[in-house]
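A quick write-up on the structure given underneath.
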Amino acid sequence: MARKSTIGVRSVTDALGIERASRDRPSEGLARFLGWFSLGLGAAALGARSRVSRLSGIDDSRTAQTVLRIAGVRELGHAAALLVPRRAGWGAWTRVAGDAMDLAACGRALQRRRGERRRRLTYTTLAVAGITAVDLYTAVRVARRRRADGNEVHAAVTVNRNIEDVYRFWHDFENLPRFMYHLRSVRMTGDRRSRWIARAPAGKSVEWDAEIVDDRPNALISWRSVAGARVPNSGTVRFMRAAGGRGTEVRVQISYRAPGGMLGAKVAKLFGEDPQQQVCDDLRRFKQVIETGEIVRSDASPNGSSVQQQANQRPARPVAMRGAEW
Amino acid sequence: MLANCWIAPNSLAVEDVPDPQIRNPRDAILRITSSAICGSDLHLLDGFIPAMRKGDILGHEFMGEIVELGQGVRDGLSVGDRVVVGFPIACGDCISCQRGLYSVCENSNPNAAIAETAMGHSPAGIFGYSHLLGGYAGGQAQYVRVPFADVGALKIEDDLPDEKVLFLSDVLPTGYMAAEMCDIERGDIIAIWGAGPVGQFAAASAFLLGAERVIVIDRYPYRLRMVRENTGAETINYEESDVLDALREMTAGRGPDGCIDAVGMEGHHASAALHAYDRAKQAAKVETDRPHALREAVLACRNGGTISAVGAYGGFIDKFPMGSFMNRSLTMRSGQAHVQRYMRPLLERIRKGEIDPSFIITHTMRLDDTPHGYDIFKNKQEECVKVVLKP
């Protein structure tokens, strides 16, 4: 079910009511279309070279034939860049670069032609310019969406508890590490201040102070790291009565500023490979903890719900316990 | 401890594995006194349920004695209690559990994200039933860990033998729920595909719930004889007669009021060609389940009747007769049994002597012989219907 969520992000609710920010489908679709378009152009330029060169008015030059052949091979490259990756990335930019080359070639060719050939070449140039506009639009839109993805994650879950209990549980930030696995501990240091310690790669920790910036009982809690945090971050959790009074909807939005470079890479690791997935796992465990009092564990998933662990399951049989492994 | 482990499709081994330990506050550890092989275990053996791993312990029908309890177990259980455990693992606290839909508990599958990819939403975790449904060790073993023991384990306080109460764990509630979902009214005719333990219990339950006639369909004469003798049902052998013709004839054209599919994903068809068609598609993985019984049940059912599907399906079927289903106002209900909802009332019926589920046991063997038990059960040798294992 897709709908406009309360915090203005186009979102998709999946199983368990866990909600995910949806992919920007129009730009994905456009990128796929351009991929198939490149494949068609490449095939035509290579397979029906004489006809293509006659249509575009360049059938009088041997150099133009070579340029056309190179362009055909290049189009196949664009097709691969656009169609092979699961999500559209830099593929559209390769098309923009190719368009620039084509426009330059057309410009040069126009200087030397007259009559019918010049007319055909003009149409070709106009067509290439139009395609360039579409390519540029797609590339920019895909890039903008990717940037937004990196900075903000958003998820929601419905829990079978009344809004007061859910608000009270979340309001005590010291409860958060029970279900947010990337946190080692959170300690309240003042009325609105808290000290957070998170796991970092290679057994290290990252620490920062956070403060509550907005607190509306049974409705919303908003916090952010105070100045000086190595990974500036902020979060908001909203609580709403579920339809029919069937529990409480909990919607979480977490933003973090990735300054790029080395630190950017660390941030990515800090939040796991897929921050979105991590927040979904957190909320699944939150539901378990607040409803049942425990994180559900099986022999194959001893640490409870975690998509990373699901990819690498142990057999469903007891393991000899080693220390505090569980 | 010893445990029956899945190694690969059609390969099992009884292995020595570590004993289970308490992992969570509401856990119990059971010393198993009896367990059983379920028809749905054969889907695991045959490799039709995805996400199995070498070394997984099987078994979701078991009972035993509590030897250890977590700190947080909420009510009435103590060490030394004799209990029977329902096969779906259920927390008791989510909205599904509180509505009695225990087999779709929202919390008990730690691998819910895999199940969501395959099914949209995740059902409950199940003991010994693939990593898709949680990756829990099963009970064909000497010991087992029971999560949420305060919801899943039913204390047996009197001296009823294991054989009479063991099947409260799965097949008796499953058969009962199959009949209940038909909303039986006095005078109804109920047809049941499959004369295995679930089909036989569904037949017995349909009579308990007021059906006037019950017709059971299978191809093994010994099973049909058994269900006739134990429940009073009529039978059709689908290798001898055309099922749709026979049902039309037996009900004088009306068709059964309720049709129960107690077969599931590995159905057979009397026509070798039709069976080969679905079997080939299943092997090529363009269809995961062979729905012969379900298709036939839809076509057989009277206008406005109910299909109750309790045989296990794992994925996708095709050639579902949707036109017949829609145009004739049929209803379909289904589900893994919400065992915890039925255990107490069915125990009461057993106590009163209204039903004695031990009639389906044909074999009792030692845990060491489990692979042999699967073998004769799967290949329908020695007139096998139900194997009980004694650790």
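For this structure, a couple of remarks:
- Residue that is farthest from B:E116 (Cα to Cα), among those in segment A:314-326 that are at pLDDT below 70 and at the interface with chain B (Cβ under 7 Å from one of its Cβ atoms): A:M321
- Selection of segment A:204-260 for residues being of a type in the set (F, W, Y) and free of Cβ contacts under 8 Å to residues at least 60 places away in the same chain yields A:W208, A:W223.
- Qualifying residue in segment B:237-255 (condition: at pLDDT 95 or above, among the basic types (K, R) and in contact with a strand residue (DSSP E or B) (Cβ under 6 Å, 6 or more places away or on another chain)): no
- Residue that is nearest to B:R219 (Cα to Cα) [pool: residues in segment B:360-376 that are crowded, with 20+ Cβ neighbours inside 10 Å and touching a helix residue (DSSP H, G or I) at 6+ places or on another chain (Cβ under 7 Å)]: B:I360
- Test result for A:R69, over 29 Å from A:G29 (Cα atoms), surrounded by 13 or more Cβ atoms within 10 Å (Cβ to Cβ) and not small (G, A, S): no
- Segment B:87-96 - residue that is facing chain A (nearest Cβ under 9 Å) and closer than 22 Å to B:F62 by Cβ and, of those, surrounded by the fewest Cβ atoms within 10 Å (Cβ to Cβ): B:G92
- Residue selected from segment B:5-26 under the condition charged (D, E, K, R) and more than 7 Å from every other protein chain (Cβ to nearest Cβ), by the criterion nearest to B:L42 (Cα to Cα): B:E15
- Enumeration of residues in segment A:140-163 that are part of a helix (DSSP H, G or I), of a type in the set (A, V, I, L, M, F, W, C) and at pLDDT below 85: A:V140, A:V142, A:A143, A:A148
- Residues located in segment B:69-86, provided they are under 22 Å from B:P110 (Cα atoms) and more than 8 Å from chain A (Cβ to nearest Cβ): B:L69, B:G70, B:Q71, B:V73, B:R74, B:V85, B:G86
- Scanning segment B:210-259 for residues that are in contact (Cβ under 8 Å) with a residue 24 or more places away in the chain, within 20 Å of B:I355 (Cβ to Cβ) and surrounded by fewer than 18 Cβ atoms within 10 Å (Cβ to Cβ) turns up B:G210, B:E212, B:N230, B:G232.
- Any hit, segment A:208-219, residues being in a loop (DSSP other than H, G, I, E, B), polar (S, T, N, Q) and out of contact with any Phe, Trp or Tyr (no Cβ under 7 Å at 6 or more places or on another chain): no
- The test for being part of a helix (DSSP H, G or I), more than 30 Å from B:C97 (Cβ to Cβ), modelled with pLDDT of 90 or more and among the β-branched types (V, I, T) holds for A:T125.
- Hey, A:R108 of a type in the set (D, E, K, R), surrounded by 17 or more Cβ atoms within 10 Å (Cβ to Cβ) and over 30 Å from B:C97 (Cβ atoms) or not: no
So that you can scan it fast, the table gives a plain yes or no per residue for (1) farther than 16 Å from B:A36 by Cα; (2) touching a strand residue (DSSP E or B) at 6+ places or on another chain (Cβ under 6 Å); (3) at pLDDT 95 or above; (4) assigned to a strand (DSSP E or B):
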{"position": "B:I317", "(1), (2), (3), (4)": "yes, no, no, no"}
{"position": "B:A337", "(1), (2), (3), (4)": "yes, no, yes, no"}
{"position": "B:M343", "(1), (2), (3), (4)": "yes, yes, yes, no"}
{"position": "B:T364", "(1), (2), (3), (4)": "no, yes, yes, yes"}
{"position": "B:F377", "(1), (2), (3), (4)": "no, yes, yes, no"}
{"position": "B:E383", "(1), (2), (3), (4)": "yes, no, yes, no"}
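- Residue list for segment A:217-230, filter: of a type in the set (D, E, K, R) and closer than 18 Å to A:G190 by Cα: A:R224
- Residues in segment B:119-155 that are assigned to a strand (DSSP E or B) and surrounded by fewer than 24 Cβ atoms within 10 Å (Cβ to Cβ) were compared, and the one that is nearest to the other protein chains (Cβ to nearest Cβ) is B:Y143.
- Only one entry in B:A293, B:A300, B:A312 is farther than 30 Å from B:A90 by Cβ, outside the structural domain of B:A124 (by TED's automatic domain parsing) and of a type in the set (G, A, S), namely B:A300.
- Among the candidates B:V144, B:V104, the residue that is closer than 19 Å to B:S40 by Cα and out of contact with any Asp or Glu (no Cβ under 9 Å at 6 or more places or on another chain) is uniquely B:V104.
- The set of residues in segment A:164-200 that are in a loop (DSSP other than H, G, I, E, B) and crowded, with 16+ Cβ neighbours inside 10 Å comprises A:F179, A:M180, A:Y181, A:H182, A:A200.
Okay, residues lined up against (1) over 25 Å from B:M326 (Cα atoms); (2) in contact with a helix residue (DSSP H, G or I) (Cβ under 7 Å, 6 or more places away or on another chain):
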{"residue": "B:F201", "(1), (2)": "yes, yes"}
{"residue": "B:A204", "(1), (2)": "yes, yes"}
{"residue": "B:I215", "(1), (2)": "no, yes"}
{"residue": "B:Y222", "(1), (2)": "yes, no"}
{"residue": "B:S241", "(1), (2)": "yes, no"}
{"residue": "B:D257", "(1), (2)": "no, no"}
{"residue": "B:D261", "(1), (2)": "no, yes"}
{"residue": "B:G267", "(1), (2)": "no, yes"}
{"residue": "B:S271", "(1), (2)": "yes, no"}
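- Close Cβ contacts (under 6 Å, 6 or more residues apart or on different chains) running from residues in segment A:288-313 that are farther than 22 Å from B:P18 by Cβ and more than 8 Å from chain B (Cβ to nearest Cβ) to residues that are of a type in the set (D, E) and surrounded by fewer than 24 Cβ atoms within 10 Å (Cβ to Cβ) are absent.
- Test: residue in segment B:42-60 that is acidic (D, E), crowded, with 17+ Cβ neighbours inside 10 Å, more than 10 Å from every other protein chain (Cβ to nearest Cβ) and within 23 Å of the chain's Cα centre (by Cα): no
Per-residue answers, yes or no, for (1) in contact with a Ser or Thr (Cβ under 7 Å, 6 or more places away or on another chain); (2) under 20 Å from A:V140 (Cα atoms):
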{"site": "A:A81", "(1), (2)": "yes, yes"}
{"site": "A:P85", "(1), (2)": "no, yes"}
{"site": "A:G89", "(1), (2)": "no, yes"}
{"site": "A:A92", "(1), (2)": "yes, yes"}
{"site": "A:A97", "(1), (2)": "no, yes"}
{"site": "A:A104", "(1), (2)": "no, no"}
{"site": "A:Q111", "(1), (2)": "no, no"}
{"site": "A:G115", "(1), (2)": "no, no"}
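- Residues in segment B:112-128 that are over 20 Å from A:G293 (Cβ atoms) and touching a residue at least 60 places away in the same chain (Cβ under 8 Å): B:I114, B:A118, B:P123, B:I126, B:F127, B:G128.
- Scanning segment B:155-200 for residues that are within 18 Å of the chain's Cα centre (by Cα) and more than 26 Å from B:G304 (Cβ to Cβ) yields a total of 15.
- Look at (1) over 19 Å from A:S306 (Cβ atoms); (2) crowded, with 20+ Cβ neighbours inside 10 Å; (3) charged (D, E, K, R) and you find that B:R99 fails only one, number (2).
The values are calculated or read from the model by the stated rules, or taken from the named source; none is laboratory data. Keep in mind it's a predicted model, so treat the numbers as computed, not measured. Cβ atoms come from the backbone with ideal geometry, glycine included; neighbour counts cover every protein chain shown.
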